[in-house]
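Trainee: Attaching a single structure in structure tokens format; questions to follow.
The values are calculated or read from the model by the stated rules, or taken from the named source; none is laboratory data. Computed from a predicted structure; not experimentally measured. Cβ placement follows ideal geometry from the backbone for every residue including glycine, while neighbour counts extend to all protein chains displayed. Please note that ligands, DNA and RNA were not included when accessible areas were found on the heavy atoms of the full protein model with its side chains. Shrake-Rupley method; radii C 1.70, N 1.55, O 1.52, S 1.80 Å.
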Amino acid sequence: MDKVQVAEHFSNQADTWVQTSHEGFANHYPTADHRKRVVQRLFKQWDAPLKVLDLGCGGGHLALALAEDGHDVLGIDQSPRMIEIANSSRQTASKDVRNRLRFVEGDIEDAGVSPHSFDVVTAMGVIGYFPNDKAIFRIVDGALKPNGSFIVSSRNRLFNLVSLSHRTKREINTDAAKDLIDEIASYQQEVSAEITQKMATSLSEKAAFISNQATLPPAAASLPPLDEAATMQSEARQHTPQELSESAQKNGFMTSSLHGIHPHLINPAANQFLPAGVYNTLSTCLEALEDEPISLTWSSVFIAALKKTS
């Protein structure tokens, strides 16, 4: 996908993207905020403060959160507006956090970072904009120290069969549906009573909001949708968890864990027919299962935690 087109897309959509993806708005699920929370939790497995490179840092929300957690973070993005938003947030942070956090506008394929100097590289929603996986793995491998970690999020190709959309038809027309169904079946594993109870508690806590909204008419979001197809000639590439794991292995990484992001409790088409917030409130109950293999069957995005093998 053309880098100039991607930069223009995210510069034009920057403010809307930040509000909908991090804060959520009406019928928009805060996907980026969900990713941020999962990544922060993954970082807790490491005790020492780490040196982190955040590729495609967007508005800087993840980088800022990691710096607040004590890590030294460099965020890079090719969108001038995204970097402007990121630096604005940085200025509101404490002096200690600001000293641990830096944002740079530039091409992440030619970032000019010191080789093999980072403990962890993060890339949220970036891999699909590269022409192939090898290109981003080359950058990450060059930036990471030996045995460093790469935390990456991707659009979940498996969700194409769940969405019952034009993407579903596309998978059927390319004869890929059977393999996708087989992979979905492999993730349909038992969920513990403890995790199930956590989901039930979440649903109970949200019942009052859903009940209050239920009498209202369907409400469309007042912000325009983040329609990539409207501003780009093609969509970002997608992966299934298995495809990304296999690609990682070919490029010198092993998969440590997989996590479902942006869950869907019912078909996404229902979103427009329910009162504002109801669809996504129901879906957030499934966040309790985000570490379970079954979460990969209903999530439109997933995170893979990868480990460099050399």
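Trainee: Does ILE261 satisfy the condition of being of a type in the set (Val, Ile, Thr), open to solvent by less than 10 Å² (accessible area, probe 1.4 Å) and outside any helix (DSSP H, G or I)? Before you say what the answer is, go through the steps one by one.
Mentor: Details: of a type in the set (Val, Ile, Thr): yes; open to solvent by less than 10 Å² (accessible area, probe 1.4 Å): yes; outside any helix (DSSP H, G or I): yes.
So ILE261 fits the description; yes.
Trainee: Among what's in the stretch 13-29 and is more than 14 Å from ILE85 (Cβ to Cβ) and modelled with pLDDT of 70 or more, pick the residue that is farthest from the chain's Cα centre (by Cα).
Mentor: ASN27
Trainee: Kindly check whether there is at least one residue in the stretch 39-51 that is closer than 17 Å to SER89 by Cβ and more than 15 Å from the chain's Cα centre (by Cα).
Mentor: no
Trainee: Going by what's in this entry, would SER283 be described as among the polar types (S, T, N, Q), in contact with a strand residue (DSSP E or B) (Cβ under 9 Å, 6 or more places away or on another chain), assigned to a helix (DSSP H, G or I) and within 23 Å of GLN40 (Cα to Cα)? First the steps, then the outcome.
Mentor: On the way: among the polar types (S, T, N, Q): yes; in contact with a strand residue (DSSP E or B) (Cβ under 9 Å, 6 or more places away or on another chain): yes; assigned to a helix (DSSP H, G or I): yes; within 23 Å of GLN40 (Cα to Cα): yes.
When the stated conditions are applied, SER283 passes them.
Trainee: Determine the pairs where a residue that is hydrophobic (A, V, I, L, M, F, W, C), located within the stretch 265-282, has a partner that is at pLDDT 90 or above and not in a helix (DSSP H, G or I) with Cβ atoms under 6 Å apart, the partner being 6 or more residues away or on another chain.
Mentor: Within 6 Å, the pairs are LEU282/LEU265.
Trainee: For the stretch 32-55, give me each residue that is open to solvent by less than 20 Å² (accessible area, probe 1.4 Å) and either small (Gly, Ala, Ser) or under 17 Å from GLN19 (Cβ atoms) (or both). Steps first, answer last, please.
Mentor: Taking the stretch 32-55 and keeping what is open to solvent by less than 20 Å² (accessible area, probe 1.4 Å), we get 32, 34, 38-39, 42-43, 52-55.
Across the stretch 32-55, the qualifying residues are ALA32, HIS34.
Trainee: Could you list all residues from the stretch 59-75 that are open to solvent by 40 Å² or more (accessible area, probe 1.4 Å) and more than 16 Å from the chain's Cα centre (by Cα)? Quick ask: steps written out before the conclusion?
Mentor: Going through the stretch 59-75, the residues open to solvent by 40 Å² or more (accessible area, probe 1.4 Å) turn out to be 61, 68-69, 72.
GLU68, ASP69, ASP72 - these are the residues of the stretch 59-75 that are open to solvent by 40 Å² or more (accessible area, probe 1.4 Å) and more than 16 Å from the chain's Cα centre (by Cα).
Trainee: Any chance you could count how many residues in the stretch 114-141 are without any contact (Cβ under 8 Å) to a residue 60 or more places away in the chain and under 20 Å from the mean Cα position of the chain (by Cα)?
Mentor: Residues meeting the conditions: 2.
Trainee: Is there any pair linking a residue in the stretch 142-171 that is touching a residue at least 12 places away in the same chain (Cβ under 8 Å) and at positive phi to one that is open to solvent by 30 Å² or more (accessible area, probe 1.4 Å) and not acidic (Asp, Glu), with Cβ under 9 Å and at least six apart or on different chains, and which?
Mentor: Close Cβ pairs satisfying both conditions: ASN147/LYS307; ASN147/THR309; ASN147/SER310; LEU164/ASN267; LEU164/PRO268; LEU164/ALA269.
Each row is one residue, and each column tells you yes or no for (1) under 21 Å from LEU50 (Cα atoms); (2) surrounded by fewer than 12 Cβ atoms within 10 Å (Cβ to Cβ); (3) touching a Phe, Trp or Tyr at 6+ places or on another chain (Cβ under 8 Å).
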{"site": "ASP77", "(1), (2), (3)": "yes, no, yes"}
{"site": "PRO80", "(1), (2), (3)": "no, no, no"}
{"site": "ALA86", "(1), (2), (3)": "yes, no, yes"}
{"site": "GLN91", "(1), (2), (3)": "no, yes, no"}
{"site": "ARG100", "(1), (2), (3)": "yes, no, no"}
{"site": "GLY106", "(1), (2), (3)": "no, no, no"}
{"site": "GLY112", "(1), (2), (3)": "yes, yes, no"}
{"site": "PRO115", "(1), (2), (3)": "yes, yes, no"}
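Trainee: With the stretch 94-177 as the region, which strands (runs of 3 or more DSSP E) entirely inside it contain at least 2 residues that are β-branched (Val, Ile, Thr)? Reasoning before the result, please.
Mentor: Numbers: elements: 101-105, 118-124, 144-155.
Where strands (runs of 3 or more DSSP E) fall fully within the stretch 94-177 and carry at least 2 residues being β-branched (Val, Ile, Thr), they are 118-124, 144-155.
Trainee: Oh, and also: Among the residues of the stretch 65-93, write down those that are of a type in the set (Val, Ile, Thr) and either assigned to a strand (DSSP E or B) or out of contact with any strand residue (DSSP E or B) (no Cβ under 7 Å at 6 or more places or on another chain) (or both). Talk me through it step by step, then tell me what you get.
Mentor: At the first step, the residues of the stretch 65-93 found to be of a type in the set (Val, Ile, Thr) are 73, 76, 83, 85, 92.
The answer is VAL73, ILE76, ILE85, THR92.
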